[in-house]
Amino acid sequence: MKVELSSKDIEAEIEIILTEGFGNPLVEEKELLQKVGFKGEQDETFLFAEKGKLFAGVSNKEKESLRSAIASAIRSISSTKYSTFKIDYKENIDAIVEGAILGSYSFDKYKSKKEEEVLRKLTIISSNEDELKSSTIISNATNFTRDIVNTPPEDCYPEILANIAQELASNNNLECKILTKKELEDEKMNTLLAVARASRYEPRVIHLTHKPKNPKAVISIVGKGLTYDSGGLSLKPSDFMVTMKLDKSGGSAVLGILKAVSELNLPIEVHGFVGAVENMIGGDAYKPDDVLFAKNGKTIEVRNTDAEGRLVLADVLGYAQQEVKADYIFDIATLTGAAVVGVGQYTSAIMGFNEELKEKLVKSAKNSGELASTLDFNRYLKKSLQSNIADICNISNTRYGGAITAGQFLSEFINKDMQQKWLHIDIAGPAFVEHTWGENPYGGSGASVRMVVDFIKNISN
Ligand code: BES
Ligand code: ZN
Ligand code: ZN
């Protein structure tokens with residue numbers, strides 16, 4: 001859906017009218033709406049076709065409610081032939097734009113019969129060009145991430161992810177370096193290579209850079225890019241394997257973030273790193289009982305090959321810290337099912353040692369339309385990662401607190417001087433949508449793109 005602004009009223013087939021209960025501007029249709037049972041509740045919609053009006057309920061004027069209401073309104077007419085819409089609304093234009101662009105997203109590349117393509121356009125009667133531009137860029141970058149996540153694993157393996165990064169780099173004037181297997185060996189990224197070994201697709205590490213002149217700060221963002229996670233020899237049960245193409249969501253978000261920051265021209269140097277790997281089974285698969293040597297010299301006892309994301313990230317975090325002296329380093333990963341149990345499927349779990357930094361990111365999530373909450377590390381859980389034969393185990397010896405122990409595992413691969421600058425974002429819950437919610441239709445959600453871009457924008461201010 002295309003979104004435009006017009007300072008004057010225009011003609012459109014359908015006018016979207018947001019209704020908070022039955023307050024203005026509903027006086028005219030109030031009786032009819034009551035008759036049809038429309039109460040004006042959040043996300044409720046009613047198309048009054050004869051009058052060219054689409055009523056959409058909102059519970060308040062907060063951005064979150066507006067995004068969701070606009071998304072519902074647009075979804076409700078997705079099977080109609082209407083193509084021009086307008087809305088007369090002067091506040092929180094960014095939320096209206098996001099609701100429209102994110103809410104109208106669909107992934108139909110693999111449908112042989114495409115829904116009849118109607119090019120839809122929404123005109124907002126307003127003149128706030130800046131807000132329109134910025135929220136359009138961020139929403140399109142989120143949809144770009146969604147497209148990557150939604151692509152099936154046989155069409156999006158590590159080399160393809162690297163090609164997508166290279167294409168983005170050439171379109172958006174980014175620096176791009178791709179490390180192939182030989183270079184990963186030279187860099188001693190042995191844990192990443194072990195995870196990758198049984199796949200017929202060789203791994204890649206992607207390094208993208210947005211480099212403005214005189215940057216105000218430098219941030220590195222590291223993404224888990226498991227193009228498929230079968231679990232490896234600790235094979236996932238079939239019901240849990242379905243949707244594991246989503247395991248590249250962190251890496252895909254990194255690409256979306258680089259797209260957004262370059263198009264927004266933000267005065268921050270942003271480095272994106274993606275560990276692109278496929279976790280498979282085979283005669284040469286890595287095994288429970290193996291001991292791996294990570295890039296930073298630590299040894300890891302493998303006790304479960306399905307806890308592969310942390311192994312890949314351990315090495316990519318090591319590489320990122322070697323390559324860039326950053327003011328901030330974040331990692332984004334669909335790391336644990338435990339995070340979904342802990343905070344629910346809508347919320348990202350944020351971990352780290354710096355309380356202020358964690359709170360800043362939670363605020364950015366709220367401000368940009370995402371849900372996030374913090375989980376605290378503790379020294380008792382940390383002990384559950386002890387190994388009898390190596391420096392650390394890749395899984396803990398307790399059934400509980402799995403999102404935290406995974407975060408604490410990663411903390412072992414963050415250099416001392418970077419510990420206060422590091423945040424770990426577990427997006428296992430919100431990365432993939434099974435039942436549409438708010439402005440998130442089925443499939444990849446692009447989780448963390450909006451919150452991290454908001455964080456980077458705020459460093460600029
Ligand atoms: N990619 C999964 C985590 C995941 C689960 C993401 C569900 C999204 C939805 C990860 O690699 C994994 O398998 N983690 C294991 C860790 C366990 C073996 C300690 C898990 O969460 O079960
Ligand atoms: Zn796994
Ligand atoms: Zn995984």
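The values are calculated or read from the model by the stated rules, or taken from the named source; none is laboratory data. The structure displayed is predicted, hence computed values, not measured ones. Note that each Cβ is placed from the backbone with ideal geometry, even for glycine, and that neighbours are counted across all protein chains shown.
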Quiz item: Only one of (1) within 20 Å of Ile425 (Cβ to Cβ); (2) within 16 Å of ligand 1 (Cβ to nearest atom) fails for Leu255. Which number is that?
Solution: (2)
Quiz item: Among the candidates Lys90, Lys86, which residue alone is free of Cβ contacts under 8 Å to residues at least 40 places away in the same chain, basic (Lys, Arg) and closer than 23 Å to Ile138 by Cβ?
Solution: Lys90
Exercise. Specify which of the listed residues (Asp284, Asp306, Asp290, Asp247) is near ligand 1 (Cβ under 10 Å from one of its atoms), of a type in the set (Asp, Glu), at negative phi and out of contact with any strand residue (DSSP E or B) (no Cβ under 6 Å at 6 or more places or on another chain).
Key: Asp306
Practice problem: Could you list all residues from region 301-320 that are more than 22 Å from Lys248 (Cβ to Cβ) and either within 14 Å of ligand 3 (Cβ to nearest atom) or not basic (Lys, Arg) (or both)? | Solution: Glu301
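The rows are residues; the columns are (1) out of contact with any Phe, Trp or Tyr (no Cβ under 8 Å at 6 or more places or on another chain); (2) touching a residue at least 12 places away in the same chain (Cβ under 8 Å); (3) part of a loop (DSSP other than H, G, I, E, B); (4) over 26 Å from Val261 (Cβ atoms).
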position: Leu161; (1), (2), (3), (4): yes, yes, no, no
position: Ser170; (1), (2), (3), (4): yes, no, no, no
position: Glu185; (1), (2), (3), (4): yes, no, no, yes
position: Leu193; (1), (2), (3), (4): yes, yes, no, yes
position: Ile219; (1), (2), (3), (4): no, yes, no, no
Quiz item: Is at least one residue of region 429-442 part of a helix (DSSP H, G or I), crowded, with 24+ Cβ neighbours inside 10 Å and among the charged types (D, E, K, R)?
Solution: no
Quiz prompt | Enumeration of residues in region 224-240 that are part of a helix (DSSP H, G or I) and near ligand 1 (Cβ under 10 Å from one of its atoms) | solution = Phe240
Quiz item: Residue check: is Ile101 farther than 29 Å from Thr151 by Cβ, crowded, with 20+ Cβ neighbours inside 10 Å and among the β-branched types (Val, Ile, Thr)?
Solution: no
Self-check item: Residues located in region 173-229, provided they are surrounded by fewer than 24 Cβ atoms within 10 Å (Cβ to Cβ), among the polar types (S, T, N, Q) and on the phi < 0 side of the Ramachandran plot
Solution: Thr180, Asn190, Ser199, Thr209
Practice problem: Could you identify the single residue in Glu41, Glu31 that is assigned to a helix (DSSP H, G or I), over 27 Å from the mean Cα position of the chain (by Cα) and modelled with pLDDT under 95? | Solution: Glu31
Self-check item: One residue from Gln419, Gln408, Gln386 being under 23 Å from Asp290 (Cα atoms), more than 16 Å from ligand 2 (Cβ to nearest atom) and either surrounded by 15 or more Cβ atoms within 10 Å (Cβ to Cβ) or in contact (Cβ under 8 Å) with a residue 40 or more places away in the chain (or both)
Solution: Gln408
Practice problem: Take the residues in region 262-313 that are of a type in the set (S, T, N, Q) and closer than 30 Å to Leu174 by Cβ, then tell me which one is nearest to the chain's Cα centre (by Cα). | Solution: Ser262
Quiz item: Assuming Asp426 fulfils every condition listed in (1) buried (at least 22 other Cβ atoms within 10 Å of the Cβ); (2) of a type in the set (D, E, K, R); (3) without any contact (Cβ under 8 Å) to a residue 12 or more places away in the chain apart from one, which condition is it?
Solution: (3)
